[in-house]
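Worksheet: the structure to be examined is printed underneath.
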Amino acid sequence: MRFHLIDRIDALDPHRSVTARKLTSRQEEFWRDEGRGPEMPAPLVLEALCQAGTWLIMGSTGLRRRAALLSADSVSFQGAVRPGDVLVMSGRVESIGDDTAVLSGRVTVGDRTVLSADAIMCALIPTEDLEDPQDVRRMYDRLTRGATITGGALKEAVA
């Protein structure tokens, strides 16, 4: 099963940062109840942050490269995510090269942080090795509709 955990990209500053969001719904299949009511599994909260980071990498490379998680030095789960919560993922580039990138970020629900992660190491893989570039472009256009995108070179590179 593939989870799409980004509904919208609110802001994208190539090579620097991304802000994205996900509105959770009770209809999704990932909820777990271990006696405290339904909660989103913590690894999927991290996955949502990583998906935002992937869009940051793709936006930084003209959609030519995407990030694949290699490791994370520090991840702190700080609160439960419940059905109806809006996750806000804020990611930033710590470093980026031809083959790897290092990202950090956090996920919030309202004014509370539910996850923070530092030094997320990613391999950069040609997008076309994993997905049809036209499908990626359509998804990028849908996710960024209405977003604040800085760095004029991005629009030119992916147009």
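Assorted remarks:
- Scanning segment 29-40 for residues that are basic (Lys, Arg) and assigned to a loop (DSSP other than H, G, I, E, B) yields a single hit, Arg36.
- Which listed residue is under 10 Å from the mean Cα position of the chain (by Cα) and either more than 23 Å from Thr148 (Cα to Cα) or among the hydroxyl-bearing types (Ser, Thr, Tyr) (or both), from Thr108, Thr54, Thr24: Thr54
- Note on segment 109-159: among residues that are under 17 Å from Leu56 (Cβ atoms) and polar (S, T, N, Q), the one that is modelled with the lowest pLDDT is Thr150.
- Within segment 80-139, the residues that satisfy the criterion of being among the acidic types (Asp, Glu) and more than 20 Å from Leu44 (Cβ to Cβ) are Glu94, Asp98, Asp99, Asp111, Glu128, Asp129, Glu131, Asp132, Asp135.
The values are calculated or read from the model by the stated rules, or taken from the named source; none is laboratory data. Keep in mind the model is a prediction, meaning the values are calculated, not measured. No Cβ is skipped: glycine too gets one built from the backbone with ideal geometry, and neighbour counts run over all protein chains shown.
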